[in-house]
Amino acid sequence: MASDKPFEDAPPFPDDVPVIPLNTISLAALHSGDKTTARDVLTACRELGFFLLDLRGDVLGKTMMEEVDQLFGVGKDILNLPEDTKQRYLHDIPKSFLGFKPRGQAKIETNEPDRFEWFNLGQDSIMGTETTQSIPPLVQTHMSLFASFLEHGQSILATINTTLATQLALPPDAFTCLQKPTRPSGTVVRIIKAFASERDEDVRTSMIHHTDFGTVTLLANVIGGLQVLAPGKSPTDQDAWGWVRPQPGCLIVNLGDAMVQWTGGVLRSNVHRVNCAPGQQRFVDRYSLAILARPERNASMRKLVDGLGDSGHGEDDSLTAWEWEVKKAMSLKRGDAVTESTGGEPRSLAT
Ligand SMILES: O=C(O)CCC(=O)C(=O)O
Ligand SMILES: [Fe+2]
């Protein structure tokens, strides 16, 4: 996440909850071309599909940290706009995922309403590629900050994608050429508010378990709540969930289903959820900030890696990213999609 300051202002993450061990990758080491670090990225993306990216000691990382800090402030103001303002900029699923998602609109695993709101700002809106999203004035005021954050985030994403492609013996631009920021796509900058859980009956999941649809997600957290499902375990097994401990100066990076599809199951997209924050953190509202990258709408979902694994969806090879996303969204809506981690060679987390 961001600098140390927001962590000092927050209730502490407790020491007595099971934390999932995540590899920490240094952005500075990646930028300097360090081979061991590049290999570590591949290992993390095969085994768990999650890692921490340490931004400290890197010029771009420092700028990113400052922008994350600023956007946490702005994001809070946006998510706390008056209800009637937010109502004017609601998303329109499945036509558009852009705009506000009201609290309680989706369900959690018990069929109770969810406990979060989000606002999705389309990369296409920021880049001017498409101008269909109507933007609240407060967001418009901060557009240059969103644009700068997205540009720096895209640069980090390009480094991760190029590293992965090279490690898989693909052309370095094998993934980046399918997700150029200037081309129309479902990529969004997302701000999320998961509500404080003061009453005991609120101590439950905020955002249901899922995998991300897209390519790579960059996520900034201060307050805990994010949980990752241990590979091979069922989401109903409450002991199989490990907390992600947010770290100052670090982003959380996770892979989405598109990377599994492109790599024929070599890379991993892991199930995660947002639970009620642990310990004393449950008493404060939890904000997070993310860039969820998706392939360009017209990108091919054809496998780029052969014979190393199988994502189990060979028929998807002929689809464009847009067709593929619609197909996934429809099958989730019909309820015939099983939410499960896919791809990779999961390591056991037992030590
Ligand atoms: O808020 C978080 O920590 C995670 C959010 C998330 O998983 C998502 O938006 O897909
Ligand atoms: Fe997610």
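Worth a mention:
- Residue check for GLU109: charged (D, E, K, R), out of contact with any Phe, Trp or Tyr (no Cβ under 6 Å at 6 or more places or on another chain) and within 16 Å of ligand 2 (Cβ to nearest atom): yes
- SER331 vs. criteria modelled with pLDDT of 95 or more, farther than 30 Å from PRO6 by Cα, hydroxyl-bearing (Ser, Thr, Tyr) and more than 16 Å from ligand 2 (Cβ to nearest atom): no
- Candidate set from region 216-245 (those that are away from ligand 2 (no atom under 13 Å from the Cβ) and of a type in the set (Ser, Thr, Tyr)); member that is nearest to PHE100 (Cα to Cα): THR236
- Only one of the numbered conditions (1) away from ligand 2 (no atom under 16 Å from the Cβ); (2) open to solvent by less than 10 Å² (accessible area, probe 1.4 Å) is violated by VAL203, and that is (2).
- Scanning region 90-125 for residues that are touching a Pro at 6+ places or on another chain (Cβ under 8 Å), open to solvent by 40 Å² or more (accessible area, probe 1.4 Å) and modelled with pLDDT of 95 or more yields LEU90, ARG103.
- Residues satisfying the stated conditions in region 246-264, i.e. open to solvent by 10 Å² or more (accessible area, probe 1.4 Å) and either of a type in the set (Gly, Ala, Ser) or away from ligand 2 (no atom under 16 Å from the Cβ) (or both): GLN247, PRO248
- The set of residues in region 1-59 that are among the small types (Gly, Ala, Ser) and more than 14 Å from GLY242 (Cβ to Cβ) comprises ALA2, SER3, ALA10, SER26, ALA28, ALA29, SER32, GLY33, ALA38, ALA44, GLY57.
- On the stretch given as region 230-259, residues that are within 15 Å of the chain's Cα centre (by Cα), within 24 Å of ALA165 (Cβ to Cβ) and in contact (Cβ under 8 Å) with a residue 60 or more places away in the chain total 9.
- Residue ID - farthest from the chain's Cα centre (by Cα), chosen from residues in region 135-153 that are under 17 Å from LEU79 (Cβ atoms) and either among the polar types (S, T, N, Q) or buried (at least 17 other Cβ atoms within 10 Å of the Cβ) (or both): THR141
- Look at region 275-292: where a residue is within 9 Å of ligand 1 (Cβ to nearest atom) and a partner is part of a loop (DSSP other than H, G, I, E, B) and not aliphatic (A, V, I, L, M), sitting 6+ places away or on another chain with Cβ atoms under 7 Å, you get ARG286/GLY225; LEU292/THR187; LEU292/ASP212; LEU292/GLY214.
- Restricting attention to region 182-221, the residues that are more than 26 Å from SER3 (Cα to Cα) and in a strand (DSSP E or B) add up to 4.
- Test: residue in region 161-175 that is part of a strand (DSSP E or B) and either at pLDDT 95 or above or closer than 29 Å to GLY335 by Cβ (or both): no
- Condition met for LYS193 (among the charged types (D, E, K, R), closer than 30 Å to THR163 by Cβ, touching a residue at least 40 places away in the same chain (Cβ under 8 Å) and away from ligand 2 (no atom under 13 Å from the Cβ)): no
- Among (1) touching a residue at least 40 places away in the same chain (Cβ under 8 Å); (2) in contact with a helix residue (DSSP H, G or I) (Cβ under 9 Å, 6 or more places away or on another chain); (3) of a type in the set (D, E, K, R), the one test that GLU109 misses: (2)
- Restricting region 174-224 to residues that are more than 17 Å from the chain's Cα centre (by Cα) and basic (Lys, Arg), the residue that is farthest from LYS86 (Cα to Cα): LYS180
- Condition met for GLY75 (touching a helix residue (DSSP H, G or I) at 6+ places or on another chain (Cβ under 6 Å) and closer than 21 Å to ALA220 by Cβ): no
The values are calculated or read from the model by the stated rules, or taken from the named source; none is laboratory data. Please read all numbers here as calculations on a predicted model, not as lab measurements. Cβ sites come from the backbone with ideal geometry, for glycine too, and all protein chains shown count toward neighbours. Heads up: the accessible areas ignore ligands, DNA and RNA and are worked out on the full protein's heavy atoms, side chains in. Shrake-Rupley method; radii C 1.70, N 1.55, O 1.52, S 1.80 Å.
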